[in-house]
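The values are calculated or read from the model by the stated rules, or taken from the named source; none is laboratory data. Because the structure is predicted, anything quoted here is derived from the model rather than measured. Here Cβ is always computed from backbone atoms with ideal geometry, including for glycine, and neighbour counts include all displayed protein chains. Heads up: the accessible areas ignore ligands, DNA and RNA and are worked out on the full protein's heavy atoms, side chains in. Shrake-Rupley method; radii C 1.70, N 1.55, O 1.52, S 1.80 Å.
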Amino acid sequence: MVLSGVWIGSGCQTLHQRSASDASAYARTRDLSQINYGRDGRVEDLDREAQLVPVDHDFARVLAYYSQGVLHAQHREAAYAATNFLKSLEYSLDEPSVYLRVSEKIYDQAKELIRKDEKDQALQILQRLVELKPGEAGPHIWKAVIHQAYKQNRRAESEYAAGIKRSPRAVGPYLELARIQYANRETDRAITTLQDGIKRAREPLKAHRFLAEIYLKRADSAIDPGAVKSNRRAAIRTLEAALKKAPDDKTSLFHLGRLYLKEDDFAEGLSYYMRVEGLDPDNLSFKEQLAEDISKAVGDPLTTRKKLQHFIREHPDNAHACFYLGVLHEKGEQPDKARAAFLKAARMEPAESSAYWKAALFTVDDDIDGARELLEQGLRRLPENPRITEMLAFIHLQQKDYAHSITLFEKVHTQLKAKGVAHQAQNFHYNYALAAQGGGLFDRAAEHLIQAAVLNQDFVAGFVQHVANLEIESRYRDGLRTLREVSLDVMEPEVHFYIGLLSARAELYESAISAYRYAETMARNHAREAVILDDAFYFNFGAACEQARQYGEAEVQLERCISLNNKHIEAYNYLAFMWSEQGVKLDRALVYVNRALQEASGNGAFLDTRGWIYYKQGSYEKALADIEAAHASIPDDATIKDHLGDVHARLEQFDQAGVYWREALALDPGNPVLVEKLKSGIPTASAAP
C-alpha cells in the first residue's frame with residue numbers, strides 16, 4: 001500500500017499517481033456520496049469487499065473515513081469526527097506519516113470535547129487510540145493532561161509514567177510528573193523523577209532547572225543551617241551540570257551567581273553575573289538590573305558596595321565591577337561617587353560602552369562640553385558603537401549643532417538598519433526628527449517623525465511643543481511644513497489639531513481654523529472622539545477664530561469648551577474679554593469673568609478683564625481698582641499698562657495716563673495706537689466705553 005505520499009487537510013488531497021487511481025477506482029465501484037453513516041457517525045458497509053482490480057482497498061477506506069471526520073469536525077461534532085478519524089487509522093496503522101497527521105486531528109477533537117466538558121468521551125477516544133497504537137506515548141500524555149486538568153492526579157501520574165516508558169527521551173512527561181509529585185508534597189519522588197529525566201532525556205535543561213528550583217525552595221524553607229547549605233550545594237551541582245550541556249543558559253548562570261553570593265563566595269558569584277552580562281553586553285537596562293540583583297542577593301546595598309570596593313582593590317582592571325558599583329551609588333543617591341565609578345569603568349580595558357554612556361549622563365547637566373568630550377573619547381575607542389554615537393548625537397542636538405547631530409544620528413540609523421536590529425531607545429526617531437528639523441532637512445524630519453509616531457503618537461505633540469518653544473515665526477512655518485508631510489502618513493485627527501496649534505503660533509489663523517475643522521470631522525465616530533474633541537480642543541479652536549475676527553464662531557467654540565468643562569476658567573475669561581473688547585454682552589461678560597475669579601481670585605489677567613468690562617460700562621473707579629490690582633500682579637504687561645492709562649485719562653488724570661502709555665510703548669515699541677494716544681492725550685476710539 002502506498003500512503004507515504006498522502007497529504008490530507010481541509011478537504012484537499014494531494015496524492016501519488018497510484019493513490020489517485022485507487023481512489024478513483026473505488027469511487028467508480030461505490031458512489032461515496034451514497035455511503036450510509038450510522039447514528040454514531042461511523043461509515044457503514046465499508047468492510048464489505050468491493051470488486052476492485054487492482055485497487056488498494058485500505059487506502060480508499062482511509063480516505064473515506066478521514067473525509068467524513070473532516071466534515072464532522074467542521075460542524076463541531078467532535079465525537080463523530082474522532083470516531084471516523086479512529087476508524088481511518090485502523091486501515092493505516094503501518095503508515096507513520098498518516099498516523100501523525102490523523103492523531104493530531106484526534107487530539108483536536110479531544111480538546112473540543114474537553115471544552116464542552118465531555119471528559120469521559122475524550123478519555124474513551126484517547127483510550128481507543130492507545131489500543132490501536134499501544135507503543136505510542138502521545139495518547140497517554142493527552143490522557144494525563146485531561147486527568148490533571150480535572151485534579152485526578154494519581155491517574156495523571158499513571159499516564160505520565162506510561163508516556164515516559166514509551167518515550168523516555170522526551171523531557172516534558174518527566175517535568176509534568178515531577179510537578180504533580182511536588183504539588184502533592186512528595187518532594188523526594190519529584191527529585192527522583194527529575195534525576196531520571198536528566199539521565200535519559202535528549203534535552204534535559206528544563207529538568208535541571210526544576211530540580212535546582214526544588215533544592216532552592218528546600219533551602220529557603222529549612223531552619224537547620226546544615227540543611228540550608230546542603231540544599232544550596234545540591235542546587236549548585238545541578239545548575240553547573242546544566243551548564244555543561246548549555247554553557248550560555250542565562251537562567252542557570254543567573255541562579256548560580258545568586259547562590260554563590262548567598263554562600264558568601266563573592267568573587268565566584270560575581271563571575272557568573274559577568275557571564276550573564278556577556279550574553280547581552282550592550283543592554284544597559286539589563287546590566288543595571290544585574291547590579292540591583294547582586295545587591296538583593298548579598299542582602300543590602302551598603303554591604304554590596306563595600307564588597308564591590310574590596311573586589312575592585314583586588315581586581316583593579318575589572319570594568320564590570322566598577323559599573324555595578326556606579327549603579328549602586330546612583331541608586332543610593334550618591335551622584336559624585338556614581339560618576340567616579342562610571343568614569344573609572346570607562347577608562348579600563350576592554351572599553352565599556354555603557355560606562356561611557358552613564359558617565360556622560362552624570363556629567364551633561366553640569367558640564368555639557370565635558371560630556372561631549374567624554375563621549376568623543378569613547379567613540380575613538382569604540383568607533384562603531386551605536387549607543388555612544390547616539391548619545392553624542394543627542395548632545396550635539398542640545399547644543400543646536402544640527403549638522404554634527406544629523407551625521408551621527410544617520411550613522412546609528414545606517415548601522416542598525418544594516419544589522420536588522422531595532423533601535424533600543426524609543427525616542428531615537430524623535431530626536432533624529434528634531435535634529436533634521438533644526439538642520440533644515442524637512443523631508444528627513446518628517447520621515448523620522450512618522451516612524452516615531454508609529455511607536456507613540458505623543459512624539460508628534462512633543463515635536464510641536466519643541467517648535468513652539470523656539471518662539472521664532474520662521475521656525476513655526478518650517479514645523480508646519482514637516483507636520484503636513486507627516487499628516488499624509490499618520491492619518492489621525494490629532495496631527496491636524498497640532499497643525500492648527502502651530503498655525504496659530506505662526507499667526508496663520510485661517511489655516512489654523514481649517515486644520516481644527518478637519519480634525520473635528522476626522523474625530524467624529526472615532527474610537528477616541530471624546531478624548532480628541534475635549535475642552536482644550538475647542539478652547540484652541542475658539543481662540544483661533546477670535547484672532548481671525550470670526551467672533552460669532554469663536555463664541556460657539558468657546559461655549560462648547562465650557563459645556564465640556566464648566567470650570568475651564570481660561571475660556572470664561574477669554575469670552576468675557578472678547579465681549580468687552582467689542583463692547584457687547586457686557587453683563588454676561590461680567591458673570592463669566594466673576595466665575596473665573598471664583599476659582600482664581602488673584603489672577604491678574606482675570607482682574608484686568610473685569611476692570612476693562614467696568615471701563616466699558618463707564619464705572620471708572622471700579623475699573624481703576626481692578627486694573628491696578630492686575631498691574632500689581634503682572635507689572636510688565638503692555639496691555640494692562642495701556643488699560644491703566646485709558647482709565648486715568650477717563651478720570652482726567654492725564655499725567656498719570658501718559659506715564660502708563662509710555663511704559664506700555666516701551667514694552668510694545670511702535671504700537672500705533674499707543675503712539676496716537678500719547679500724541680492726543682486721550683484714548684482712541686477702540687478704547688471708548
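When restricted to residues that are crowded, with 23+ Cβ neighbours inside 10 Å and free of Cβ contacts under 8 Å to residues at least 24 places away in the same chain, the range 408-431 contains 1.
Could we say that A554 is assigned to a helix (DSSP H, G or I) and open to solvent by less than 20 Å² (accessible area, probe 1.4 Å) here? Lay out the reasoning, then the answer.
Numbers: assigned to a helix (DSSP H, G or I): yes; open to solvent by less than 20 Å² (accessible area, probe 1.4 Å): yes.
Spelling it out, A554 is indeed assigned to a helix (DSSP H, G or I) and open to solvent by less than 20 Å² (accessible area, probe 1.4 Å).
Looking at the range 332-340, can you tell me whether even one residue there is outside any loop (DSSP other than H, G, I, E, B) and open to solvent by less than 10 Å² (accessible area, probe 1.4 Å)? Can you show your working first?
Going through the range 332-340, the residues outside any loop (DSSP other than H, G, I, E, B) turn out to be 335-340.
Narrowing the set further to residues that are open to solvent by less than 10 Å² (accessible area, probe 1.4 Å) leaves 338.
Looking through the range 332-340, at least one residue is outside any loop (DSSP other than H, G, I, E, B) and open to solvent by less than 10 Å² (accessible area, probe 1.4 Å).
One residue is enough: does the range 656-671 have a residue meeting the conditions within 22 Å of E570 (Cα to Cα), at pLDDT 90 or above and either among the β-branched types (V, I, T) or not in a helix (DSSP H, G or I) (or both)? No.
With respect to being in a loop (DSSP other than H, G, I, E, B) and at pLDDT below 95, A527 fits the description. Scanning the range 537-550 for residues that are open to solvent by 40 Å² or more (accessible area, probe 1.4 Å) and either modelled with pLDDT under 95 or charged (D, E, K, R) (or both) yields one hit, R549.
Taking the criterion of being out of contact with any helix residue (DSSP H, G or I) (no Cβ under 9 Å at 6 or more places or on another chain) and closer than 30 Å to R218 by Cβ, would at least one residue in the range 105-118 satisfy it?
So the first thing to find is which residues in the range 105-118 are out of contact with any helix residue (DSSP H, G or I) (no Cβ under 9 Å at 6 or more places or on another chain), and the list is 117.
Keeping just the survivors that are closer than 30 Å to R218 by Cβ gives none.
No, the range 105-118 has no match at all.
Every condition in (1) more than 27 Å from L508 (Cβ to Cβ); (2) part of a helix (DSSP H, G or I); (3) open to solvent by less than 70 Å² (accessible area, probe 1.4 Å) is met by V454 except one, and the failing one is (3). Annotation note: Cβ proximity below 7 Å between a residue of the range 508-523 that is closer than 15 Å to Q550 by Cα and of a type in the set (A, V, I, L, M) and a residue that is part of a helix (DSSP H, G or I) and at pLDDT 95 or above (sequence gap 6+ or interchain) occurs for A512/A544; I513/A544; I513/C545. If you go through the range 162-192 and keep only what is open to solvent by 20 Å² or more (accessible area, probe 1.4 Å), assigned to a helix (DSSP H, G or I) and under 25 Å from A235 (Cα atoms), you end up with G172, E176, R179, Y182, A183, T187, D188, R189, T192.
Listed by first and then second residue, the pairs linking a residue in the range 560-579 that is without any contact (Cβ under 8 Å) to a residue 40 or more places away in the chain and over 17 Å from L533 (Cβ atoms) to a residue that is open to solvent by 50 Å² or more (accessible area, probe 1.4 Å) and of a type in the set (D, E), with Cβ atoms under 9 Å apart and 6 or more places separating them unless they lie on different chains, are K567/E599; I569/E599; Y572/E599. Taken residue by residue, the range 643-655 has at least one member that is assigned to a loop (DSSP other than H, G, I, E, B), in contact with a helix residue (DSSP H, G or I) (Cβ under 6 Å, 6 or more places away or on another chain) and either at pLDDT 90 or above or within 18 Å of N573 (Cα to Cα) (or both).
Within the range 527-541, identify whether any single residue is within 19 Å of V495 (Cβ to Cβ), in contact with a Pro (Cβ under 6 Å, 6 or more places away or on another chain) and not acidic (D, E), and answer yes or no. So far as the range 527-541 goes, yes, one or more of its residues are within 19 Å of V495 (Cβ to Cβ), in contact with a Pro (Cβ under 6 Å, 6 or more places away or on another chain) and not acidic (D, E). Of the residues L86, L123, the single one that is over 24 Å from L211 (Cα atoms), open to solvent by 20 Å² or more (accessible area, probe 1.4 Å) and of a type in the set (A, V, I, L, M) is L123.
Could you run through the range 387-407 and say how many residues are polar (S, T, N, Q), closer than 21 Å to N469 by Cα and open to solvent by less than 30 Å² (accessible area, probe 1.4 Å)?
The first filter runs over the range 387-407 and keeps only residues polar (S, T, N, Q), leaving 389, 398-399, 405, 407.
This time we only want the ones that are closer than 21 Å to N469 by Cα, so: 398-399, 405.
Subsequent filtering for residues that are open to solvent by less than 30 Å² (accessible area, probe 1.4 Å) retains 405.
Going through the range 387-407 one residue at a time, the tally reaches 1.
Scanning the range 89-120 for residues that are under 19 Å from A78 (Cα atoms) and open to solvent by less than 40 Å² (accessible area, probe 1.4 Å) yields L89, Y99, V102, S103, I106, Y107, Q109, A110, E112, L113, K119.
Checking each residue in the range 457-470 for being within 23 Å of the chain's Cα centre (by Cα) and buried (at least 16 other Cβ atoms within 10 Å of the Cβ) picks out F459, V460, A461, G462, F463, V464.
Residues in the range 365-386 that are open to solvent by 70 Å² or more (accessible area, probe 1.4 Å) and within 30 Å of the chain's Cα centre (by Cα): D365, E384. If you go through the range 580-609 and pick out every residue that is in a loop (DSSP other than H, G, I, E, B) and either open to solvent by less than 30 Å² (accessible area, probe 1.4 Å) or touching a residue at least 24 places away in the same chain (Cβ under 8 Å) (or both), you end up with 4. For the range 283-293, give me each residue that is touching a residue at least 12 places away in the same chain (Cβ under 8 Å) and out of contact with any helix residue (DSSP H, G or I) (no Cβ under 6 Å at 6 or more places or on another chain). Result: N283, E292, D293.
In the range 511-524, the count of residues that are open to solvent by 60 Å² or more (accessible area, probe 1.4 Å) and part of a loop (DSSP other than H, G, I, E, B) is one or more. The set of residues in the range 471-500 that are farther than 18 Å from Q457 by Cβ, open to solvent by less than 40 Å² (accessible area, probe 1.4 Å) and outside any helix (DSSP H, G or I) is empty.
When the range 342-362 is limited to residues that are touching an Asp or Glu at 6+ places or on another chain (Cβ under 9 Å) and over 16 Å from L284 (Cβ atoms), the one that is surrounded by the fewest Cβ atoms within 10 Å (Cβ to Cβ) turns out to be E349.
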